[in-house]
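Taking it in order: structure first as structure tokens, then the write-up.
What follows is calculated from the coordinates using simple rules that are stated; it is not laboratory data. All figures in this text were calculated on a predicted structure; none of them were measured in a lab. Note: ideal-geometry Cβ built from the backbone for every residue, glycine included; neighbour counts use all protein chains shown.
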DNA sequence: ATTTTTTTCGAAAACGTTTTCGATTTTGCC
DNA sequence: GGCAAAATCGAAAACGTTTTCGAAAAAAAT
């Protein structure tokens, strides 16, 4: 049993391929009678257009590419979820690739997607990545492109982000509202934009509240790990600077801090309050439950796809296109680790 | 600047399209001289074959489909990782879809992938799914197909699984080895095969050690959540049956148990030891660190792709194919929650 | 009955590649 | 130089669809 094709249907009905095609696509210039005959036979033979041929002819694949550093992160899996769901709703499928934070891999994967002729690319940059040649090649070829989360401001494309500065300010403000006087910041790596912005937000919040910035209260992660959190917690206790609140770059590290404080019998939040970032699953099941900043990951995915769709439509219709940036609202989730009694 | 094509190169060099194609694909019947000229010009024009045309001609897309219930789970993201990496290594890309445990969605997605004419499909079934028409349509069309993790034994296809019964036995044996005498089991939902198998493994381990099975020590989850764990922990303490060890269906629930024990000042593991399943991220960062069963998720992904590849090659060469099942080894990760002093 | 308009259809080109098979050219050999 | 063998090339079909444009048929108008 061979695959049903337009030709097959045309032959059986004694009409031309053209007419069959038009009948199935509801062109106005085909009579009701033949249209009925065609659709009936198509149904019977389970005809579905050969997508390879359609792709070739229409020069689009209804497929987009997605490159992210790692799915394992709760945040990313939320975004992926949103992208896939929204894409599906609009008739697109998504090819997913992981750069594993390797610039080398990221470059190869961009090339792969371009060769596959995806209709567009959504991407969250790996840590070392910037406005490199592989990104430029996407823009030069005018392949619709949107960045999310880990973006580079140097790259002129649509973006969907959260306002990290604002979110960080709110987190620190929350600590201050809870009565913290001496607030430390465990910041992320040097490069990533969100690491920088959260640091800036931390400083701004201090300034706004008339608290002098003290660089000795800033601890820079060498890696984003549980162990890193444990180490800094140890260091903070040893230094005994009178810190009573900590804003941590992300939940995983914050959980390390909590673990060490638990072990040493430090009262959280009464002695030291801790707030993390990203609302990882673990933050809800740890003791004490960790306060954090919730990023609307699913909504970011939805927004990212819709920005991409906009550009895909513009490019197709040869209309001028200008990149947009949408910033989504974050929310402070206050849990046990900051709610002093 | 148009896209470079074979025709473009052929025209510029004054040779035929055929020869250009052959030169680029290292056919033996083209002279060194022309091959050099062709490759040089191809390089210069950044020629890459139009994959739409290649797909149409070769009838394959070098793309596979992947349907999973949800990426959010740590375990699934590990598998996805393995599948994508191994696929990439072999020149395949993967289209990912999520059924969100909905049979309805799952059916649509299978249809989507078939229409896209992916070269093969890897799938972990949603909870209600079984040997339904949509799965049969995959097999009928002889589309290479492999199931992993949440499988149906009724479906004759390659599978990659872990031996849940054995793994559960080992977990319970570990509790016994640690000196536990009265071991409870918090089991999963009724339907899923792995829930059933782990329960069977629990019973077998008891039997092997001459411990009578007591059905009142088995607690059935209504949902796989942290809160469910808290509830059962509460119930276990209230009932005060002298339970000194608990084997829990999965880490998330086990963490709920630990949280409640912590709150009530129960000594884990000395009063009650707890072991989970799946080695979620959270199990390593909780206090006390949770003992668990590690499933080699990445390796499962690799194995799944390789089984698929085998079938894809067989089908292509019209050779007979027979489905295989590979079962991967699990490992007990003994951490603080079971290591009595 | 003739012309005009409208409706309905189909031929053919195009998308860009792969591959078969026959034709042509070159080389090797006596 | 003549012939066989080997090396090199290209015409053409095929994959299955979409779409343009002109032709034929039917309907309407004169």
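Here are a few things to note about the model shown:
- Relative contact order (%) - criterion: Cα under 8 Å, at least six apart; region: chain A: 17 percent
- Relative to the longest principal axis of the Cα atoms of chain A, the long axis of helix A:226-239 makes an angle of roughly 20 degrees.
- Shortest-first nm distances, residue A:331 label point to equivalent points in other copies (7 Å, Cα→Cβ): 4.1
- Chain B, helix-only ellipticity at 222 nm - DSSP H runs n ≥ 4, -39,500 (n - 2.57), divided by all residues, nearest 500: -14500 deg cm²/dmol
- Taken over the Cα atoms of the protein assembly as shown, the convex hull encloses 197 Å³ per residue.
- Helix A:251-263 vs. chain A, principal-axis angle (Cα, 0 to 90°, nearest 10): 30 degrees
- Per-residue average of Cβ from other chains inside 10 Å of A:45-54: 4
- Folded to 0 to 90 degrees: helix A:193-208 orientation relative to chain A principal axis, Cα: 40 degrees
- Per-copy distances of the residue A:284 label point, shortest first, in nm (7 angstrom along Cα→Cβ): 2.2
- Of the peptides B:280-293, B:13-26, B:227-240, the order by per-residue mean of other Cβ atoms within 10 Å, starting with the highest, comes out as B:280-293, B:227-240, B:13-26.
- Inter-copy spacing of residue B:25 label points, which lie 7 Å from Cα along Cα→Cβ, given in nm from shortest upward: 2.8
- For the stretch B:212-341, diffusion coefficient by Stokes-Einstein and Kirkwood Rh (Cα), 10 °C, 1.306 mPa s, µm²/s: 95 µm²/s
- For the segment A:258-268, counting C-beta atoms of other chains within 10 Å of every residue's C-beta and taking the mean gives 1.
- Relative contact order (percent, whole number), the stretch A:6-49, Cα cutoff 8 Å, 6+ residue spacing: 35 percent
- Among the residues of A:92-100, the average count of other protein chain beta-carbon atoms within 10 Å of the residue beta-carbon is 5.
- Value of D in µm² per second that Stokes-Einstein yields for the stretch B:283-341, Kirkwood Rh from Cα pairs, at 25 °C (0.890 mPa s): 171 µm²/s
- Alpha-carbon centroid distance for the pair the stretch A:164-242 / the stretch B:172-245, whole angstrom: 43 Å
- Cα gyration tensor shape of the stretch A:16-139, rounded if a/c is under 1.5, else prolate or oblate by comparing a/b with b/c: prolate
- When DSSP beta bridges are restricted to pairs lying wholly in the protein assembly as shown, around 10% turn out antiparallel.
- Value of D in µm² per second that Stokes-Einstein yields for chain A, Kirkwood Rh from Cα pairs, at 37 °C (0.692 mPa s): 144 µm²/s
- For the stretch A:280-341 and the stretch B:88-138, distance of Cα centres in Å: 28 Å
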